[in-house]
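Since the structure comes first, as structure tokens, the remarks are kept for the end.
The values are calculated or read from the model by the stated rules, or taken from the named source; none is laboratory data. What you see is a predicted model; the values in this text were computed from it and never measured. Cβ coordinates were reconstructed from backbone atoms using ideal geometry, including for glycine residues, and neighbour counts include every protein chain displayed. Remember, those area values only see protein heavy atoms, side chains included, never the ligands or the DNA or RNA. Shrake-Rupley method; radii C 1.70, N 1.55, O 1.52, S 1.80 Å.
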Amino acid sequence: MLTGATAFATPSPALDEPVATHSASAAIRLAQAQPAPAPAPSPSAAQAAADEPIGNVATLTGTATVIRNKDSLALKLKDDIYLNDVLQTSASSTLGITFNDATTFNLTANARITVDSYVYEEGGKENKALFDIARGTVAFVAAEVAHGGDMKISTPTATLGIRGTTGLVEVPEGAAATGANNVAIKLYPDADGRVGRIEVNDRAGARLGALTQGASGFTIRPGAGGRLAALPLAISPQQALRDQGIVRQVHAAQSVGRQVVTERRIQRQQNPNRPGANPPRQPGLPKQPGLPKQNGLPKQPGLPKQNGLPKQNELKQPGLPKQPPAPGAPQPPTVPNRQGGQLQQPPGLQGQSVGPGAPPPGLQNRPLPPRRPLPPPPRGRPQKGKKR
């Protein structure tokens with residue numbers, strides 16, 4: 001059960017910085033002088049290319065969108081997330097995003113964040129990330145980038161340095177550095193019970209304080225001389241109960257998101273030249289080249305011949321004279337005609353009996369050929385031995 005923490009801040013005479021004292025532990029933390037900025041990463045650091053995904057949608061309820069290349073696209077589970085994406089939820093919606101290093105954000109209703117920077121190389125020492133929370137309540141759980149690199153979260157009034165922990169940021173609508181709407185920053189234990197650290201700076205980089213105790217928080221308000229101050233935040237039991245539910249959601253989203261990110265990474269490795277490996281970030285799936293068209297399937301060897309097509313040797317050629325049979329070929333059977341000649345029996349009628357003097361079956365309706373006159377007897381002397 002999360003417990004509330006009562007805290008107050010007083011200026012430090014030496015450093016003129018607020019001091020946050022928590023009554024639960026009576027621990028006093030003094031804001032230290034701003035440390036020297038870390039050296040900029042070398043050009044050899046592994047940059048997440050603008051056309052390569054850096055995370056995925058892990059959980060989604062209701063409606064969430066991404067603004068990408070000035071286009072607003074509806075998000076779905078397992079969708080890829082890219083650098084410079086603007087992620088936002090509508091009313092009664094939640095969105096869980098897990099990045100390649102397992103850092104996970106859980107956006108509640110009407111929240112909006114932007115991925116300003118993300119560099120991650122497994123085992124690298126120059127990893128970094130910057131996420132901007134513009135509005136809404138957003139919980140996060142940090143992972144590899146925060147543990148071995150530099151992870152920051154910016155808000156309208158403050159910039160947070162995340163040192164491997166779970167946190168919750170509340171940015172009211174219209175919050176600004178000089179406005180009355182104050183940003184709340186809270187620190188909670190990780191799923192394994194460990195508590196990390198959140199360093200709170202103003203937008204110019206001046207240190208305002210640090211959170212190191214679970215269920216503690218700051219509210220950022222205008223202070224003396226127009227400077228911002230990080231004042232300890234008292235978390236009521238009702239707020240702690242609500243926060244506990246949001247924190248559980250981000251821990252669950254991280255567990256699911258790890259699996260999704262790994263699955264999508266394996267798919268890219270198995271098919272590095274796949275269409276859409278470097279997508280133009282437009283909705284819809286790209287056309288897959290190399291797939292045969294439905295109405296133009298290539299001929300497959302060994303397929304049976306389609307019925308209904310005439311054979312080549314059955315095509316009747318009109319007007320061609322009948323070819324005489326080849327020498328030595330069997331002759332079709334013949335039947336005698338009325339003149340004593342021989343008549344070939346047509347194919348298809350072979351084997352049928354035909355009576356003497358009757359035309360073969362199928363030829364009854366044909367006219368008989370004209371009778372040819374008998375040749376005249378030969379002229380010349382009569383043969384010997386015969387009487388004239």
Heavy atoms of ARG268 accessible to a 1.4 Å probe, total area in Å² rounded to 10: 40 Å²
So if each residue of separation counts as 0.36 nm, and I subtract the Cα-Cα distance between HIS147 and LYS70, what length gain in nm does that give? 24.4 nm
Amide H to amide H, which residues 5 or more places from ALA64 or on other chains are under 5 Å from it, using H placed in the peptide plane? LEU75
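Give me the net charge for the shell around ARG112: Cβ to Cβ below 12 angstrom, other residues only, Lys and Arg +1, Asp and Glu -1.
Values: positive: ARG135; negative: ASP85, ASP132, GLU173.
Net charge around ARG112: -2.
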Want the number for ASP192 to LEU374: 0.36 nm per residue separation, take away the alpha-carbon distance, what's left? 52.9 nm
Note down the net charge around GLY123, summing +1 for each Lys or Arg and -1 for each Asp or Glu among other residues with Cβ under 13 Å from its Cβ. -4
Under-5 Å amide H pairs with ALA143, H placed in peptide plane, nonlocal only: THR103
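Quick one: compute a quarter of the convex hull surface over the Cα atoms of region 107-260 and quote it in nm².
If you wrap the Cα atoms of region 107-260 in a convex hull and average its projections, you get 9.3 nm².
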What ranking do 196-205, 112-121, 65-74 get when scored by the average of other Cβ atoms within 10 Å per residue, highest first? 112-121, 196-205, 65-74
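Compute the convex hull volume of the Cα atoms of region 64-104, divide it by the residue count, and report the result per residue in Å³ as a whole number.
Here the figure is 74 Å³ per residue.
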Expressed as a whole-number percentage, the relative contact order of region 125-202 with C-alpha contacts under 8 angstrom and at least six residues apart is 30 percent
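Suppose accessible area is computed on protein heavy atoms with a 1.4 Å probe; arrange LEU241, LEU211 from highest to lowest.
From most exposed to least exposed: LEU241, LEU211.
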Based on the alpha-carbon set only, what is the convex hull volume of region 55-136 divided per residue, in Å³? 81 Å³
Any residue on another chain or 5+ positions along whose placed amide H is under 5 Å from the amide H of TYR82 is listed here as ILE54
